[in-house]
Amino acid sequence: MIRGKDDVIRLALVSVLARGHLLIEGSLEWARLPSARALARAIDCGFQRVQFTSDMLPSDVLGISIYSAVEQQFEFKRGPIFTNVLLADESTAPLPKPSLPCLKP
């Protein structure tokens, strides 16, 4: 499924076997998403992707406790970080420019 970049594939498998983390950096044409999905499929693990934006909150990644009126207790809704393979992708879109108020003399 993944062709080329043999050194990256080898290091990815080493990080999995060592129970470590892997930071993959590269240009846009190097397909990080399909590679991460293929790695998760190859080792039969769960896969999630998080698109980091400037307005993200910790609960968007970790999860949140929500009160259930029926059960009268808090229920934890797990975030995407509770997976085996997590692709944390940065937003490449430019931030919007703040609008300046129009001042009239």
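The values are calculated or read from the model by the stated rules, or taken from the named source; none is laboratory data. This one's a predicted model, so the numbers in the text were calculated from it and none came from an experiment. Virtual Cβ from ideal backbone geometry, glycine too; neighbours counted across all protein chains shown. With ligands, DNA and RNA removed, areas are computed over all heavy atoms of the protein, side chains included. Shrake-Rupley method; radii C 1.70, N 1.55, O 1.52, S 1.80 Å.
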Write out, first by first residue and then by second, each pair whose Cβ atoms fall under 8 Å of each other, whose residues are 6+ apart or on separate chains, and whose first residue, in segment 6-24, is surrounded by fewer than 10 Cβ atoms within 10 Å (Cβ to Cβ) while the second is of a type in the set (Lys, Arg). none
Here the residues within segment 67-104 that are at pLDDT 90 or above and over 25 Å from ARG37 (Cα atoms) are TYR67, SER68, ALA69, VAL70, GLU71, GLN72, GLN73, PHE74, GLU75, PHE76
With touching a Lys or Arg at 6+ places or on another chain (Cβ under 8 Å), closer than 19 Å to ALA88 by Cβ and modelled with pLDDT of 85 or more as the only criterion, which of ILE64, ILE24 stands out? ILE64
Members of segment 46-72 that are in contact with a strand residue (DSSP E or B) (Cβ under 6 Å, 6 or more places away or on another chain) and open to solvent by 50 Å² or more (accessible area, probe 1.4 Å): GLN48, ARG49, GLN51, PHE52, ILE64, SER65, ILE66, TYR67
